[in-house]
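Each remark here refers to the structure printed beneath this line.
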Amino acid sequence: MAPTRIVTRLLHASVVVVILLAACGPSAPAPSTSTGPAPVASQAAASNGQYTGTDPQSFSLLLTTENTQVPAELQRLAAGPCAAENAALPLSVQQTPGAQIQQQIQLLASQNSLPVMFNPTQAFIVKDGALQKAGYILDIKKALTDLGVADQILPGAQAVIDQLYPGVSPTLPFQYNIEGIFYNKKIFAEHGISVPQSWDDLVAAATKLKAAGVQPFTAGGKSGWPVSRWIGAYLFRSLGGDAMAAVANKQAKLTDPGYVAAAQTIQDLGKAGLFPVGVASEDLPTAYNDLVTGKAAMEYQGTWLLANINDPAQNTVGLDQIGLLQVPVISGGKGDAGAWPTNVGSPHAINAKLYGPKVGAWLKCIVLHYADNLMTNQTAFSGFKASHPPVLAAPTPGTTPPPVPPLTVEVANDMASAKSSVLWFEALSPSAKFTSDAGANSLLLLNGSMTPLQYMTLLQNDIDNPQ
Amino acid sequence: MNQVLGDRRAILILLGPALLMYSAVMVIPVVWSFGYALFRGNLIEGFTFVGLANFGRLVQDEQVAAAVRFTLLYTLVISTGQIVLGYSLALLYTFVLRRSSSLIRTLVFFPVVLPSVAVGLLFSRLFAVAPNSGPVVSVLDRLGVAPFDFFAAAGTAFWVIILMDLWRSMGFYGVLLYSGLIDIPTEILEAARIDGARGWRLVRSVVLPLSLPVLVSSIIFSLNASLKVFDTIVALTNGGPGSETTPITLLMFQTSFFYSSFGYGSSMAILISVMCFMVTIFIFRSSRRDLTVGGAA
Amino acid sequence: MAGLPAKLVILLLLVIDVYPLFWLVSTSLKSTQEFLNTPFWSLPQSLDFQNYADAWTLGRIGTSLQNSLVVTIPSVVCILLLGAAAGFALEVMIWKGRNTVLLVILGGIMVPSQMILLPLFTIYFKIGLTNTLWPLILTYIGHGLPLTTFLMAAYFRSVPRELFESCTLDGAGVLRSFISVGLPLVRNGLLTVALLMFFSTYNDLLIALTFITSKDMSTVQVGLLNFQGEYGSVLYGPLFAGICMTVLGTLVVYLFLSRQIMQGLAGGALKG
């Protein structure tokens, strides 16, 4: 064989060897049963009691770019009540667009380089989730109990966490929101519509508004979930609060008649033209804007919308002209009439392997102080206990803050008195694919491109055949 | 002389670095990808060997079938459009504009160099109906067509994608085919004209056959590029509404990175490669003729 | 033959190609409020460049452009050097097995990027390159080499062999003859390939999306895709300005080099 050929082949071979050597490691495909890095238990045995890991160099955060509230508040805490904890373990924030963060989290996890706090997708942190199995997720309820501050989490918020993630408590409830239908009181008054008491009333009101030339509903369809929430809303009224839990536990299927009927009802709303023509392309801020400038009469949203409603720059309708009504009951429907769909914001997990005393101190400080200034700074509610009732920000420093708008007071009361909470449609989603499919295809359902049965079959398939 | 031109050391120095980079970045990963396809899992959980299960799933998966159907439909429509429009433009440049075609050629070509995301965003604004009506919807409104959302239904979204990609690429094919047309000797054209062939007949019986080589090349090039469509669709609809405009390339990307299934994603990558392979074999066949015979026109 | 129908067609082409750009520029000079409330065909009230400033800072277009250039220029330079050398070795030099190697390289042209993404993803992380732009540069070089080598080989083929043979007789080594004789002779081919590689690297999305992990490292395409204001909202004014800046950038390069691009295509290896 000609020498060059040998040389070339040797060259190729050595390259292959070098790369393979560099590539060998736990994440190279190995013909073994699926295992990840060692679980938490063996690590806990080696470290100090309640602390399941060792402290890192900094209190590192990896959050989505869209998540502006948490970094801002934590930075305020670092400069204020948590200055001592910050001195011991400085805060450091890195943000990545939501579309790419799960990719990054996977990479970091596979190399044991996850930061202290990060925004994983739900599917990773449920009991059988990838990150749980690999031992990265701290059981926050247990950690807070050991720190003596477990009661700083509002019972309602903890109830939601327990429903979402039974037995593992993997997320911090930086937000606490109830969901319902925000409506424009002025428009209602102008058209002689009273607050709907039943679902039929709601549809009748919407139809009347449409006939009068007013846009009845609006939704940020571009994100998908603002429309699929409507399906969940109908479901928890027609089949009761356990509707989605039953599906997650395989006791029911989405293709059962009750669920398909819910999808059908929402499709009917779409076909009746009650949503804007461009709903599929409408982004969330525009939808919020529609409501607070009076372009649309009603919008199903969560109480994070208060930030927009209480902002005089955005709200041209009037601070006291937007109301929140509970999703109306359906005659013959099941479930607790007083239940609100509730959520605790996007998941914020703590890395169990980096949970040492300094991180513990930070954690304690956060749960003690996060809620206090959240209303003032961000007009939002969190799942932590505040040491005083909500106070709004003063227009200029030093002057008295304006009175809390009635809607905010009302919401605070509703939250405090809520006896039961209900999960939203994609809450118990088994995979990122389910969440994505549920949202994206809801628009097709809405405009009639997809039948209710097709929609539910697609989703049921995602549940039956997880990736 | 042959010894000099066959100098081993020189060959190694000239060829070595390129071959090294190529092996490291292309060859190894391709082989590795085949490996991935035999496993199921992701980077965090590790991988389990599942043999050919991923491929079994691939052929049964309805979403994969839909994505492949979409890719093939898209390729067919866009390639036809690119070639027809490109050829028409080439005819325009050669026979109508002749010397002064340079300016128009430059003008029609420029969308080719624009970043695809920029073009996608531009078109999504052109056809927008929210937050306010873009130009197209406004004009249609004037003509009596009630505003509707182009991107809410699969059919209309598809045609916007086609329009956008044609806008982007027709200049390229125009120039490519033009280069083939100007090579046609004028004597032949003159002779044909003297024989009475005019206009369309001239094109059909003289121009078309003589420009066949470049036409075939362009068709194959177009097919190959269209099968791999990714950028423009991500920028315009991101596969939506739902997954109605999702080509197999996008589905592979989502499966691997959003749904964390590296194994299944790799099997899709192999599917894409097989589809491209069939078309590219023709490219190789036609270019190999050049290599051995030596020298193209 | 440039009668009325032809003139109409030309006018149509002008409108189709120029109007979208015109609309883009004019809308980018409107504030978001103006955009939302005035009809699409109206001209901006004033030449307000605030949108451009916002796009540059808030929308990080400045960073994106910088990253794109930092990635594209070294990649193209390397691709050209390595590809030209390889093309020379494969076409001009005589050795056994060169056809096989050529075949292997041709195979690379047909490999879609999807095949190499996942393994490269893992390799770069193992080597510890993730928070840098190196994964992009290395991938672009490796990915651009097959086509470049093929094209450079074709260009070298069109150079008469006697030129190389004669200069070796003069006692110059092959390497010297490559650098001082071969490269200058395919100057035009080099420029054409450089342009081709520049645009395909600059405009790449798939590889960039895979390997870019933070917003500070985004290239132009990824930056545009993730273009968002402070609260995840879409700021329409700066969005248009952002699109404009990226479009005008490539347009300027194009206008300077359009003749070269056209010639390259016209004389290209695709004629069949």
Efficiency of FRET between A:His191 and A:Lys334 - r from beta-carbon atoms, R0 35 angstrom, step 0.05:
0.65
Students often get this wrong, so check it: of A:Lys253/A:Lys433; A:Lys210/A:Lys271; A:Lys142/A:Lys385; A:Lys127/A:Lys222, which have C-alpha atoms separated by over 21 Å?
A:Lys127/A:Lys222
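Using C-alpha positions alone, give me the convex hull volume of segment A:356-426 per residue in cubic angstrom.
Numbers: hull volume 10.8 nm³, N = 71.
About 152 Å³ per residue, rounded to a whole number.
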Computed [θ] at 222 nm, helices only, for chain A once each DSSP H run of length n ≥ 4 contributes -39500 (n - 2.57):
-13000 deg cm²/dmol
For segment B:61-293, max minus min Cα coordinate along each principal axis, in Å, sorted largest first?
63, 54, 26
B:Trp159-A:Leu453 FRET efficiency (beta carbon distance; Förster radius 30 Å; 0.05 resolution)
0.60
Counting just the Cα atoms, what span does the protein assembly as shown cover along each of its three principal axes? Round to the nearest Å and put the largest first.
94, 75, 58
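What average number of partner chain Cβ atoms lie no more than 10 Å from the Cβ of the residues making up A:442-450? Before the final figure, lay out the partial values.
Values: counts 2, 7, 8, 1, 2, 5, 1, 7, 4.
Per residue, the average neighbour count from other chains is 4.
If r is the Cβ-Cβ distance from C:Thr38 to A:Thr399 and R0 is 51 Å, what FRET efficiency results, to the nearest 0.05?
Numbers: r = 38 Å, r/R0 = 0.74.
That gives a FRET efficiency of 0.85.
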In terms of the charge dipole of segment A:338-467, which places +1 on Lys and Arg and -1 on Asp and Glu at the beta carbon, the residue among A:Asn465, A:Ser442, A:Asn343 farthest towards the positive end is A:Asn343
Taking every DSSP beta bridge with both residues inside chain A, roughly what % is antiparallel (nearest 5)?
50
In a Gaussian network model over chain B where Cα atoms closer than 10 Å are linked, find which of B:Val229, B:Val50, B:Val119 has the largest mean-square fluctuation.
B:Val50
Evaluate the charge dipole of segment B:61-293 about its Cα centre and quote only its size in Debye, nearest 20, assuming +1 on the Cβ of each Lys and Arg and -1 on the Cβ of each Asp and Glu.
620
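Could you line up A:His191, A:His348 from fewest to most neighbouring Cβ atoms inside 10 Å?
Numbers: A:His191 14, A:His348 22.
Exposure proxy ranking, most exposed first: A:His191, A:His348.
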Give me the lysines in straight-line cross-link reach of C:Lys96: C-alpha distance below 17 Å, same-chain residues under 8 apart excluded.
none
What distance in nm separates the two pseudo spin-label positions at A:Ser420 and A:Ser223, each 7 Å out from Cα along the beta-carbon direction?
2.8
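Output the antiparallel fraction of DSSP beta bridges having both residues in the protein assembly as shown, as a percent to the nearest 5. If you can, show how the numbers build up before the last one.
On the way: 19 of 33 bridges.
About 60 percent, rounded to the nearest 5.
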Among B:Trp200, B:Phe148, B:Gly41, whose Cα lies farthest out toward the positive end of the dipole of chain B, if unit charges sit on the beta carbon of Lys, Arg (+1) and Asp, Glu (-1)?
B:Trp200
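Please average, across the residues of B:229-236, the number of beta carbons from any other chain that are within 10 Å of each residue's own beta carbon, and give a whole number. Write down the numbers at each step before the final one.
Working: counts 0, 7, 8, 1, 0, 5, 4, 0.
For peptide B:229-236, the averaged partner shielding equals 3.
Can you tell me what percent of all Cα-Cα pairs in chain C are more than 29 Å apart? Before the final figure, lay out the partial values.
Working: 18043 of 36856 pairs.
Everything past 29 Å amounts to 49 percent.
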Using packing as a proxy for protection, rank A:147-155, A:288-296, C:200-208 so that the peptide with the highest average count of other Cβ atoms within 10 Å comes first.
C:200-208, A:288-296, A:147-155
Of the options C:Leu225, C:Thr210, C:Ile123, report the single residue whose Cα projects farthest towards the positive end of the charge dipole of chain C (beta-carbon charges: Lys, Arg +1; Asp, Glu -1).
C:Ile123
For A:Lys133, which lysines qualify as cross-link partners when the Cα separation must be under 17 Å and same-chain residues fewer than eight apart are set aside?
A:Lys353
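How large, in Å, is segment B:104-181 by the Kirkwood hydrodynamic radius built from its alpha-carbon pairs?
Working: mean 1/r = 0.0721 Å⁻¹.
Final number for the Kirkwood radius of segment B:104-181 is 13.9 Å.
Averaged over its residues, how many other protein chain Cβ atoms are within 10 Å of peptide C:89-101's Cβ atoms? Intermediate results must be reported in sequence, preceding the final value.
Details: counts 9, 4, 1, 2, 10, 8, 13, 6, 8, 4, 3, 2, 7.
Mean number of neighbouring Cβ atoms from other chains: 6.
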Under a Gaussian network model of chain C whose springs join Cα atoms within less than 10 Å, the largest fluctuation of C:Leu103, C:Leu13, C:Leu21 belongs to C:Leu13
With a point put 7 Å past each Cα toward its Cβ, work out how far B:Ala66 is from A:Ser58 in nm, to one decimal.
4.4
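So if each residue of separation counts as 0.36 nm, and I subtract the Cα-Cα distance between A:Ala261 and A:Asn249, what length gain in nm does that give?
Answer, rounded to one decimal: 2.3 nm.
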For chain A, what is the charge dipole size about the Cα centre, in debye to the nearest 20, if Lys and Arg each add +1 at the Cβ and Asp and Glu each add -1 at the Cβ?
920
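Kindly put C:Ser28, A:Ser228 in sequence by how many other C-beta atoms sit within 10 Å of each C-beta, fewest to most.
On the way: C:Ser28 25, A:Ser228 29.
Going from least to most buried by this count: C:Ser28, A:Ser228.
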Going highest first, how would you order C:131-137, C:87-93 by mean Cβ packing within 10 Å?
C:87-93, C:131-137
Can you tell me which of B:Ile13, B:Ile233, B:Ile83 moves the most in a GNM of chain B? Springs connect C-alpha atoms under 10 Å apart.
B:Ile13
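Taking the Cα centre of segment A:296-453 as the origin, how large is its charge dipole in debye, to the nearest 20, when only Lys and Arg (+1) and Asp and Glu (-1) carry charge on their Cβ atoms? Present the calculation step by step, with values, prior to reporting the outcome.
Details: 7 positive and 9 negative charges, 135 e Å.
Using only the charged Cβ atoms, the result is roughly 640 debye.
Here, each number is a calculation from the coordinates, and none is a lab measurement. Here the structure is a predicted model, which means the values were calculated and not measured. Methodologically, a virtual Cβ is constructed for each residue, glycine included, from the backbone with ideal geometry; neighbour enumeration extends over all protein chains shown.
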